[in-house]
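Working notes, structure below.
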Amino acid sequence: MGGGMRMFGEIDKMLYRVSGFEIEYEDKIYFVNLRNFPEFEYEDQMVRILPSTQRMDQIMKKIHGFSWYYDEEKDQIRLNKEGIVPSISNRNIKSFLVYRIDFDQTSDSVNLTEVTSMSINE
């Protein structure tokens, strides 16, 4: 067979990527990381491995199938599973993004570099 560990070199880069969507709530834009939701585990892995317009479009359809709300206590957007809290309109979803996480040794900081994105047409 062969290949050794080198054959996983490109695949491992997905570990340094983040995927999610931006949603507007009360004049503020929130980034919702798909990694935080077990419901999106498969989609998150697929789009981080090979981000494509087709995959992002499929994920956005699934995202629109869920109800989202603003959690004031945690200052984040969450899944509205129980439907008790008023939901944010899906029209407030602005874009889907995949970022690469980079560490800059000179400034000792972590930066996000956009790999690809898809804007939502209103």
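Every residue in segment 44-73 that is of a type in the set (G, A, S) and within 15 Å of S95 (Cα to Cα), please.
S52, the sole residue that qualifies.
So which residues in segment 66-98 are farther than 15 Å from K28 by Cα and small (G, A, S)?
Correct list: S67, G83, S87.
Residues that are within 12 Å of S19 (Cα to Cα) and touching a residue at least 40 places away in the same chain (Cβ under 8 Å), at least 2 per element: which strands (runs of 3 or more DSSP E) completely within segment 35-112 meet that?
In segment 35-112, 93-104 are the strands (runs of 3 or more DSSP E) which contain 2 or more residues that are within 12 Å of S19 (Cα to Cα) and touching a residue at least 40 places away in the same chain (Cβ under 8 Å).
Kindly list the number of the only condition in (1) of a type in the set (S, T, Y); (2) more than 14 Å from S19 (Cα to Cα); (3) surrounded by 14 or more Cβ atoms within 10 Å (Cβ to Cβ) that fails for T116.
Single failed check for T116: (2).
Against the conditions (1) at pLDDT below 95; (2) surrounded by 15 or more Cβ atoms within 10 Å (Cβ to Cβ), where does V32 fall short? Just the number, please.
It is condition (1) that V32 fails.
The values are calculated or read from the model by the stated rules, or taken from the named source; none is laboratory data. Remember, predicted model here, so these are calculated numbers, not experimental data. Here the Cβ is made from the backbone with ideal geometry for all residues, glycine too, and neighbour counts use every protein chain on show.
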